[in-house]
Amino acid sequence: PRWKNVGITMIEKAKIFVLYNFTTVFLLLNIPYLIQTLNTGNPVHIALAVISTIALFLVMVILSRSENIRLAIYFYILNHTFQNVSHYLINNGTIEVQGISFLLLIVLFCFLMLGRKWGLTFTIFTGLLLLVGIYNQNSVFKLFHFPESYAEADNINFHYMIIVPFLLNVYLVLEFVNVLQKAEKQFNFKNKLL
């Protein structure tokens, strides 16, 4: 990719590297979900799975063709938020383990890639979603109610997908820590040379 030779700070290079690798892993882990979703025939879920796959691919394109890391980060956050909120709504505010893990992933991503203010904003947003979902369920769907046909398929074949957001959370932290450690070593080496 073009960004390897661009004169940018080590932190920006680290973020580009992390985002590119993270998006690649996410895209690869998303492919089985896409295939499984296509097999269900549910048009709502098929549309969401296709949009997610295309958006992840576009993040990689933005990173490899552009120097604009912020645009790629914002595009990723927009897609991830759209996916989380869409699944949240079609499930009438019910959030299972997989959904919680994906919500945690966006919060973690915001903290690592954009800093404290964005991380706290998404923490509050996620907390509000959880509270609204709990209220919606306990009030017998006073706030919103989508037909059951839109809801996630309670399919035994999808249960293995619970591990996907868990792996993505672990990979994001691991990749970010590794890249920062490399950047720190490189920075210390350059300081010693000076």
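The values are calculated or read from the model by the stated rules, or taken from the named source; none is laboratory data. Just so it is clear, the model here is predicted, and its values are computed rather than measured. Cβ: placed from backbone, ideal geometry, glycine included. Neighbour counts: every protein chain shown. Keep in mind that these areas ignore ligands, DNA and RNA; they rest on the heavy atoms of the full protein, side chains included. Shrake-Rupley method; radii C 1.70, N 1.55, O 1.52, S 1.80 Å.
Residues in region 34-51 that are open to solvent by 30 Å² or more (accessible area, probe 1.4 Å) and part of a helix (DSSP H, G or I): L34, I35, Q36, L38, N39, T40, P43, V44, I46, A47, V50, I51. Could you tell me whether region 174-192 includes any residue that is touching a residue at least 40 places away in the same chain (Cβ under 8 Å) and under 24 Å from V44 (Cα atoms)? Within region 174-192 (the criterion being touching a residue at least 40 places away in the same chain (Cβ under 8 Å) and under 24 Å from V44 (Cα atoms)), the answer is no, since none of the residues qualifies. Among the residues of this structure, G99 counts as one that is touching an Asp or Glu at 6+ places or on another chain (Cβ under 9 Å) and crowded, with 18+ Cβ neighbours inside 10 Å.
On the basis of being polar (S, T, N, Q), closer than 28 Å to L180 by Cα, buried (at least 16 other Cβ atoms within 10 Å of the Cβ) and in contact with a Ser or Thr (Cβ under 6 Å, 6 or more places away or on another chain), does N79 make the cut? Answer is no for this residue. Given (1) in contact with a Gly (Cβ under 9 Å, 6 or more places away or on another chain); (2) touching a residue at least 12 places away in the same chain (Cβ under 8 Å), where does F111 come up short, assuming only one miss? Of (1) in contact with a Gly (Cβ under 9 Å, 6 or more places away or on another chain); (2) touching a residue at least 12 places away in the same chain (Cβ under 8 Å), only one is false for F111: (2). Annotation for region 173-188: at least one member residue is out of contact with any Pro (no Cβ under 8 Å at 6 or more places or on another chain) and within 21 Å of N84 (Cα to Cα).
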